[in-house]
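Engineer: Got a structure for you, written out below as structure tokens; questions coming shortly.
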Amino acid sequence: MATAAPTFEFVDLFAGLGGFHVALESLRGEGVFAAEWEPTLNALYKTNFGIQPWSDINDLDTDGDIEREVPDHDVLTAGFPCQPFSKAGDQMGFADTQQGSLFFKVYQILRVKRPRRFILENVPNILKHDGGRTKRKIIEMLHSLEYSVKVEHFSPHEFGIPQVRDRAYFVGSLDGLSRFEWPTKHSGPTDITSVLRRDTSLTRSIPERTLHAIDMWGDFLRRSPASLKMPSFPIWSMEFGATYPYEDETPPGVWDRRPVWGLRQMGVKGSFGQSLECAVDGQKERIPSHASRDSDYQFPRWKRAFIRQNREFYQDNRPWIDPWLDQWKPWEMHSSFQKMEWNAQGEARNIDNFVLQVRASGLRIKRPTTSPSLIAFTQTQVPILGANLTGERRYMTPAECAELQSLGGISLPTSDIEAYKALGNAVNARVVKAIAERLLEGLGNPDSSRIADPEPLGTKHASAASKRTDAREEGASRTNPLRTEPVLVAGRSV
Ligand SMILES: C[S@@+](CC[C@H](N)C(=O)[O-])C[C@H]1O[C@@H](n2cnc3c(N)ncnc32)[C@H](O)[C@@H]1O
């Protein structure tokens with residue numbers, strides 16, 4: 001690949017770490033332009049791929065700016081910012097003037113430059129956003145530019161990579177898509193140990209309080225009788241022994257109705273069965289945070305179900321839960337450690353066999369088949385590997401998370417937190433490659449042996465640009481099959 005001449009040119013908008021770049025370069029594409037406004041990622045892109053990205057894409061204001069600054073290209077890629085369309089965000093969509101409007105910038109560049117193909121990526125919720133209107137509007141606008149368009153969603157685990165991360169892909173072509181087929185999904189098992197490295201130099205140890213919470217839930221699992229099916233609902237230990245009202249009225253409702261007495265003299269108990277025979281301020285500290293928010297006069301059905309299920313579970317299992325409570329005193333811990341989600345139904349209950357994640361909703365325990373979806377993690381949410389997976393309990397390293405995105409060979413931000421964040425925003429390069437290799441058929445002549453290459457993506461990128469220069473200087477005759485006239489690249493006619 002290093003010495004073969006490129007067969008098509010691409011631009012990488014909202015480039016981030018360069019997941020699209022890694023994928024298309026592996027199909028013998030040449031990156032000719034990128035845009036990324038985050039300074040660390042902008043500089044890193046130059047290090048990894050030899051291209052200095054444009055910064056704020058909005059500075060490409062007029063058609064003339066685009067015509068002048070963005071080189072002609074065959075393929076446009078864009079993972080345009082997803083927060084406005086994400087379930088986790090405010091769902092403002094196109095109405096988000098800062099980020100939601102960036103699709104229009106992609107549209108404008110397509111209109112002015114008319115590349116023959118594009119691949120756009122976003123969160124899967126974009127397909128359902130605004131009752132499907134957002135998706136329809138995107139497709140209509142792309143059709144108006146005479147692109148054929150197809151949309152599908154894929155996750156890396158469907159390509160043998162141990163990460164569940166569903167993403168929507170819009171592909172487009174000016175030559176029709178009647179012969180285009182989406183890649184076949186792999187249905188075999190995946191295993192997180194396939195991306196783990198033995199020789200990690202750990203930069204960060206797990207805080208004591210987190211290890212303590214892991215030990216506590218490990219002991220909970222150990223004590224649970226093998227004959228008992230573990231609950232599939234989240235375990236909220238603060239509901240063990242609680243009897244405060246939650247069906248017909250709620251603690252905030254009682255505090256409004258009885259401002260002086262509150263829950264006193266009602267014969268009910270707070271979290272972990274604590275007495276509520278105290279002033280209202282004290283009562284508020286003894287009711288779980290999920291049940292004490294001001295003006296929360298009616299709990300949603302799912303919350304009522306979780307409270308009821310946890311209280312029943314406790315009553316049915318007191319003989320082994322009470323000694324566990326006495327030993328661990330979970331009420332002394334942060335409330336997120338008082339909750340646990342068991343996502344490993346049917347497995348032997350040894351906590352060190354699993355992948356763990358500390359979330360606001362509790363300690364999540366999941367099978368080691370896949371990692372939790374990489375998101376722009378806070379440090380505390382980085383997946384923790386049980387000791388039986390790696391020899392000791394530890395966080396997944398940025399390098400291992402890069403493998404989950406098929407970006408194993410590129411340089412990452414030096415700060416761990418920035419590396420995790422960038423990886424959480426990146427597109428999986430292997431998924432893009434699988435989509436692109438069919439989409440780009442007929443665009444040039446990506447040789448089939450290269451396409452079938454099982455080698456890891458993303459190797460040796462720092463020197464990619466110089467290798468391309470070498471290839472040209474060796475006189476590799478480069479013809480772009482899309483164009484009949486000579487192509488001007490980097491000031492040279494090739
Ligand atoms: C969803 S991420 C795409 C990541 C990329 N596909 C990758 O593989 O890493 C969106 C990226 O767009 C960048 N971005 C957001 N607004 C931008 C703007 N106005 N101009 C340039 N880049 C922008 C963000 O910094 C972020 O890195």
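The numbers here are math on the coordinates, done by the rules we state, and not lab data. This structure is a prediction, so every number in the text was calculated from the model and none was measured. As a convention, Cβ positions derive from the backbone with ideal geometry for all residues, glycine included, and neighbour counts pool all protein chains shown.
Engineer: Which net charge results when you count Lys and Arg as +1 and Asp and Glu as -1 among the other residues whose beta-carbon is under 11 Å from that of TRP324? Don't skip to the answer; put the middle values down first.
Structural biologist: Details: positive: ARG222, ARG223, ARG318, LYS329; negative: ASP219, ASP322, ASP326.
With Lys, Arg at +1 and Asp, Glu at -1, the neighbours total +1.
Engineer: For segment 245-275, list residues with backbone N below 14 Å from a point placed 7 Å from the Cα of ASP296 toward its Cβ?
Structural biologist: Under cut-off, by backbone N: 245-247, 249-255, 271.
Engineer: Need the C-alpha centroid separation for segment 6-20 versus segment 255-320, integer Å.
Structural biologist: 54
Engineer: So how do ARG257, ARG198 line up by other beta-carbon neighbours within 10 Å, fewest first?
Structural biologist: Numbers: ARG257 11, ARG198 6.
The fewest-first ordering by Cβ neighbours comes to ARG198, ARG257.
Engineer: Okay, moving on. Tell me, what is the FRET efficiency for ASP130 and ASN343 to the nearest 0.05, using R0 = 30 angstrom and their Cβ-Cβ distance as r? Intermediate values should be presented prior to the final figure.
Structural biologist: Working: r = 31 Å, r/R0 = 1.03.
That gives a FRET efficiency of 0.45.
Engineer: Then there is this: Using packing as a proxy for protection, rank 344-354, 110-120, 326-336 so that the peptide with the highest average count of other Cβ atoms within 10 Å comes first.
Structural biologist: Numbers: 344-354: 15.5, 110-120: 20.1, 326-336: 14.0.
Top of the packing list down: 110-120, 344-354, 326-336.
Engineer: While we're here: In nm, give the distance between the simple-model label positions of ALA226 and GLU146, each being 7 Å from the Cα along the Cα-to-Cβ direction.
Structural biologist: Going from the ALA226 label point to the GLU146 one covers 7.0 nm.
Engineer: What distance in nm lies between label points placed 7 Å from Cα along the C-beta direction at ASP256 and ASP326?
Structural biologist: It is 4.2 nm.
Engineer: Continuing with the same structure: Only residues of segment 213-254 count here: report those whose backbone N is under 14 Å from the spot 7 Å along Cα→Cβ of THR380, or say none.
Structural biologist: 213-214
Engineer: Follow-up question, since we're still on this one. Using amide H atoms built 1.01 Å from N in the peptide plane, name the residues 5+ places from GLU9, or on other chains, whose amide H lies under 5 Å from its own.
Structural biologist: Residues meeting the amide H criterion: GLU30, ASP74, VAL75.
Engineer: Could I ask something else about it? Going by C-beta contacts inside 10 Å, put HIS143, HIS290 in order with the fewest on the left.
Structural biologist: Working: HIS143 12, HIS290 18.
Exposure proxy ranking, most exposed first: HIS143, HIS290.
Engineer: If you take the square roots of the eigenvalues of the alpha-carbon gyration tensor of segment 296-337 and sort them as a ≥ b ≥ c, do you get rounded (a/c under 1.5), prolate (a/b over b/c) or oblate? The partial results should precede the final answer.
Structural biologist: Working: a/c = 3.78, a/b = 1.51, b/c = 2.51.
Oblate, since a/c reaches 1.5 and b/c is not below a/b.
Engineer: By count of other Cβ within 10 Å, fewest leading, how are THR380, THR62 ordered?
Structural biologist: Details: THR380 15, THR62 10.
Ordered from fewest to most neighbouring Cβ atoms within 10 Å, THR380, THR62 come out as THR62, THR380.
Engineer: Sticking with this one: What is segment 308-445 by shape, rounded, prolate or oblate, if you read a ≥ b ≥ c off the alpha carbon gyration tensor as root eigenvalues and call it rounded for a/c under 1.5, prolate for a/b larger than b/c, and oblate otherwise?
Structural biologist: Judged from the Cα gyration tensor, segment 308-445 comes out prolate (a/c at least 1.5, a/b above b/c).
Engineer: Would you mind checking LYS185/LYS339; LYS105/LYS433; LYS229/LYS339; LYS46/LYS128; LYS135/LYS433; LYS229/LYS421 for any pair whose Cα atoms are more than 27 angstrom apart? Spell out each step's value before the answer.
Structural biologist: Details: LYS185/LYS339 35 Å; LYS105/LYS433 24 Å; LYS229/LYS339 18 Å; LYS46/LYS128 36 Å; LYS135/LYS433 23 Å; LYS229/LYS421 37 Å.
Beyond 27 Å between Cα atoms: LYS185/LYS339; LYS46/LYS128; LYS229/LYS421.
Engineer: Please list the non-local residues whose amide H lies under 5 Å from the amide H of SER373, H modeled 1.01 Å from N, same-chain partners needing a gap of 5 or more.
Structural biologist: VAL164
Engineer: Please report the spacing between the Cα centers of segment 354-431 and segment 136-181 in Å, no decimals.
Structural biologist: 26
Engineer: Now, a different point. Going Cα to Cα from LYS284, which aspartates and glutamates come in below 20 Å? Please leave out same-chain ones fewer than 8 positions away.
Structural biologist: Partners found: GLU239, GLU247, ASP248, GLU249, ASP256, ASP294, ASP296, GLU332.
Engineer: Another question about this same structure. Can you give me the long-range amide H partners of LYS269? Hydrogens built in the peptide plane at 1.01 Å from N, cutoff under 5 Å, separation of 5 or more residues or another chain.
Structural biologist: When sequence neighbours closer than 5 places are left aside, the close amide H contacts are THR243, TYR244.
Engineer: Right, next: Which whole-Hz ³J(HN,Hα) couplings does segment 273-285 yield from phi under the Karplus relation 6.51 cos²θ - 1.76 cosθ + 1.60, θ = phi - 60°, glycine and proline marked x?
Structural biologist: In residue order, the calculated couplings are x, 5, 5, 10, 7, 8, 5, 4, 4, x, 4, 4, 6 Hz.
Engineer: Please give the length that would be gained between ARG68 and SER205 if that part of the chain were fully extended, namely 0.36 nm times their separation in residues minus their C-alpha to C-alpha distance (nm, one decimal).
Structural biologist: Details: separation 137, 0.36 × 137 = 49.32 nm, distance 4.99 nm.
Taking ARG68 through SER205 to full extension adds about 44.3 nm, to one decimal.
Engineer: Rounded to the nearest 0.05, what FRET efficiency do ARG179 and ASN58 have when you use their Cβ-Cβ distance and R0 = 41 Å? Intermediate values should be presented prior to the final figure.
Structural biologist: Details: r = 36 Å, r/R0 = 0.89.
Once the sixth-power term is evaluated, E becomes 0.65.
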